[in-house]
Amino acid sequence: MRACILHRDDVLKIVDLLRQQGYEVVAPFFGRGRDTRFDNVTDENRGQIQIHLPNPYHPPKRFVMLQIERLFNIQQNNGQIQIEPTYREPKRAIFGIRSCDIAGIWHLDRFFLGREFRDIYYEKRRKNLFLVNVVCTDPERDIGEECFCVCADTGPAARDHFDLQLMDLGDGEFMVVAGTPAGEAMFTDPIFRKGTDAHIAKRRAVLDVARKSFKPSTTSWFSAAVRYVSQGKVAEKTWEEIGNRCLECGGCSYVCPACTCFTVSDRRVGPDEVERVRMWDACALGGFTRMAGGHNPRKAVHDRRNRRFFRKLSHYFIQRELSMACVGCGRCAAVCHGDIGMPSVVEMIRRAAAETEKT
Amino acid sequence: MNPAATENAYLPKIAVLDRVVDEIAEVKTFYWRFEDPAEQAAFKKFRPGQFAQVSLFGTGEFPASLPPSPTEAETFFTIRTVGSCTAALHALKPGDKFAVRGPYGNGFPMEDYYGKDLVFVAGGIGLIPLRSCIIYALAHRDKYKKIQIYYGAKSPKDLMYLQNLHEWEKGAGVEFNLTVDRADATWKGHVGVVGSLFKKPGVQVPVENTVAFVCGPPVMFRFVIKDLQALGFHDGQIVSTLERYMKCGVGKCGHCCIGVAYVCVDGPVFTYEQIQKLGEDI
Ligand SMILES: Cc1cc2nc3c(=O)[nH]c(=O)nc-3n(C[C@H](O)[C@H](O)[C@H](O)COP(=O)(O)OP(=O)(O)OC[C@H]3O[C@@H](n4cnc5c(N)ncnc54)[C@H](O)[C@@H]3O)c2cc1C
Ligand code: FES
């Protein structure tokens, strides 16, 4: 791994360099209201790219795990069938991806590329992906109310799994760390200067301040919640309370950088032509486990909520993928109308545990 | 390297329907083969208890057990119409094409059972996945000790794989016991739920060094488990297959999870001991 120093005015030149190398670059922008979003960089909007801003609700996951993806095009003519796999694998760079979302993509890597079967659609796209991580250092603009990457151990500075990592040292300078040979190859450009020991000390100091800028939220109980869920020590009553607050909208899965579930469906696109597509799915939705004949093993909504948190927090699954399916981004807390995002659920588990221990 | 690592795991291969045989009401057996003989040869290495994903393009894809034994020449599915995909398969005629991928799942570890007594308990269409193991065990008859089959159906009209039933009834080296819940005028055999066969005069279920295969509807499953436990079976000696809504069959879509297991890759075969440790009701 190597590090360089970059002047603030040159930061967006990384975007230019990537575009010159043929990458489609996506980067964070302010939306029309108070929202923020990842969008394709064009000559027109390039100047509006933001370095410090609240992390967009809609995670950059959708650039590797497409929300709707065509798997095959199928032609059916005169009794003959032809199946053509359709791959979308643009050379793409995500500029400004936060450390939590880097951990999210790492989780997707572990899940889709690991074990007996690999997901070739994901793999092809992932191979062409270049990640420029920006460390959240600005307490006002970067760090949100619900962020808990410090507890999930994914941030504020990702330790790995990026190509380049940028950290604002203040004073108009950024430290750039290369995480891969592809990232390091960028350093041949003269905008990257050699750093000094003083820069390294500064980096440490900035990170220290950033770490302390997070709310000392209830999620510091996160690892205890992992233990309680893993050991099945969360009472049925607590799951019911959590389930009662679920509106079954599936929003938590849609904004989660680490949710992987999808469903598959065929759609007719012409008289002799069918497409097989897959799209994001969510375990909150009632039909998720419904079987032919109408039998649904997970009928009660609390069974399904239990499922989500078990899948995300239990040791069993953390070991299975060697990565956790919760990255501490706090988005589920921000979108949930029933207030059962991860931080609230951890708090409910903590309170229930405190009560049982009292009695 | 595992070929699965480089292949498109979701890509089904073209299959041709050869013939269709009626089994019982709403259930038919579909004999098929892959268009590409190399594909057929590769597929034929499946294990009893595995399943395949069946594609009817424009409608969708569904999981189906493999009732044939790998020791048999033909490949086929036995399918009940319940919804859109199964109905689309039932609408096909010999010569029509569809698509299949697989085999998937763990299957029964038949080699691990060498030297043991095998007890098969099937209720209704639970005989579909068990047929494969029974034929396989009979084809390797010298590897196993006793082989007993207990099969129960709702009525005489609901008995499937009639030709096999005749063979097993007459066959040497296999003890075959049949029952129906409700008899009709022609029925001369035993009447009662499948578990009642264990108490039939002359029946002696081996327990000590035995594996019991149990497949059937949820109610039957619960009662048979109790009966077997009463006979002295440990939960680790009882094996079954679980069924879940499945979309991918390869451990990625998340639909088939029960507790800690992805049924499509960790199952569908589990011992009753494992089933109880999944951490979620089945
Ligand atoms: C490992 C395994 C092996 C199997 N082996 C066999 C076998 O050998 N033979 C056999 O006959 N069956 C077998 N099955 C069952 C078979 O897979 C199902 O019957 C089949 O998937 C039904 O598909 P369908 O398209 O016909 O039904 P669908 O049309 O998909 O649905 C049928 C019913 O499911 C419900 N449903 C499904 N999806 C939705 C949704 N999104 N929204 C609302 N409702 C929904 C509805 O209630 C509907 O009536 C097996 C299943 C598994 C998991
Ligand atoms: S069927 Fe998709 S994960 Fe099992």
Exercise. Picking from B:233, B:176, which residue would you name as being away from ligand 2 (no atom under 16 Å from the Cβ), in a loop (DSSP other than H, G, I, E, B) and free of Cβ contacts under 8 Å to residues at least 60 places away in the same chain?
Worked result: B:233
Seminar exercise, completed: Taking the stretch B:174-188 and keeping residues of a type outside the set (S, T, N, Q) and surrounded by fewer than 12 Cβ atoms within 10 Å (Cβ to Cβ) leaves B:184, B:185, B:188
Seminar exercise, completed: Pairs returned, first residue in the stretch B:250-266 that is of a type in the set (A, V, I, L, M), second residue that is within 6 Å of ligand 2 (Cβ to nearest atom), beta-carbon separation under 8 angstrom, 6 or more apart or interchain, are B:250/B:264; B:263/B:246; B:263/B:256; B:265/B:251
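Let's see how each residue does on (1) under 21 Å from residue B:229 (Cβ atoms); (2) under 15 Å from the mean Cα position of the chain (by Cα); (3) in the same structural domain as residue B:77 (by TED's automatic domain parsing); (4) without any contact (Cβ under 8 Å) to a residue 40 or more places away in the chain:
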residue	(1), (2), (3), (4)
B:127	no, yes, no, no
B:139	no, no, no, no
B:144	no, no, no, yes
B:154	no, no, no, yes
B:160	no, yes, no, no
B:164	no, yes, no, yes
For this session: Please give the number of the condition residue B:130 fails out of (1) in a helix (DSSP H, G or I); (2) out of contact with any strand residue (DSSP E or B) (no Cβ under 7 Å at 6 or more places or on another chain).
Result: (2)
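Where in the stretch B:1-81 are there strands (runs of 3 or more DSSP E), lying fully within it, with 2 or more residues that are of a type in the set (Gly, Ala, Ser) and within 14 Å of chain A (Cβ to nearest Cβ)?
The strands (runs of 3 or more DSSP E) meeting that bar are B:60-65.
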Exercise. In this structure, does residue B:108 turn out to be at pLDDT 95 or above, under 27 Å from residue A:122 (Cβ atoms), in contact with a strand residue (DSSP E or B) (Cβ under 6 Å, 6 or more places away or on another chain) and more than 14 Å from every other protein chain (Cβ to nearest Cβ)?
Worked result: no
Exercise. Just checking, which of B:78, B:29, B:86 is near ligand 1 (Cβ under 7 Å from one of its atoms), among the β-branched types (Val, Ile, Thr) and over 24 Å from residue A:275 (Cα atoms)?
Worked result: B:78
Exercise. Quick one: residue B:281 ticks every box in (1) more than 16 Å from ligand 2 (Cβ to nearest atom); (2) away from chain A (no Cβ under 13 Å) bar one, so which box is it?
Worked result: (2)
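Looking at B:256, B:215, can you tell me which residue is buried (at least 20 other Cβ atoms within 10 Å of the Cβ), touching a strand residue (DSSP E or B) at 6+ places or on another chain (Cβ under 7 Å) and within 13 Å of chain A (Cβ to nearest Cβ)?
Exactly one of B:256, B:215 is buried (at least 20 other Cβ atoms within 10 Å of the Cβ), touching a strand residue (DSSP E or B) at 6+ places or on another chain (Cβ under 7 Å) and within 13 Å of chain A (Cβ to nearest Cβ), namely B:256.
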Seminar exercise, completed: Going through (1) more than 13 Å from chain A (Cβ to nearest Cβ); (2) surrounded by 19 or more Cβ atoms within 10 Å (Cβ to Cβ); (3) part of a strand (DSSP E or B) one by one, residue B:103 fails only at (1)
Exercise. Within the stretch B:267-276, can one find any residue that is touching a residue at least 12 places away in the same chain (Cβ under 8 Å), near ligand 2 (Cβ under 6 Å from one of its atoms) and within 23 Å of residue B:213 (Cβ to Cβ)?
Worked result: no
Exercise. Can you tell me which residues in the stretch A:151-178 are of a type outside the set (A, V, I, L, M) and surrounded by fewer than 21 Cβ atoms within 10 Å (Cβ to Cβ)?
Worked result: A:153, A:159, A:160, A:161, A:170, A:171, A:172, A:173
Exercise. Is it fair to say residue B:212 is of a type in the set (A, V, I, L, M), away from ligand 2 (no atom under 16 Å from the Cβ) and part of a strand (DSSP E or B)?
Worked result: yes
Problem set entry | Lone qualifier among A:28, A:56, A:90 - being in a strand (DSSP E or B) and within 30 Å of residue A:330 (Cβ to Cβ) | A:28
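The values are calculated or read from the model by the stated rules, or taken from the named source; none is laboratory data. These figures come from a predicted structure and were not determined experimentally. Cβ coordinates were reconstructed from backbone atoms using ideal geometry, including for glycine residues, and neighbour counts include every protein chain displayed.
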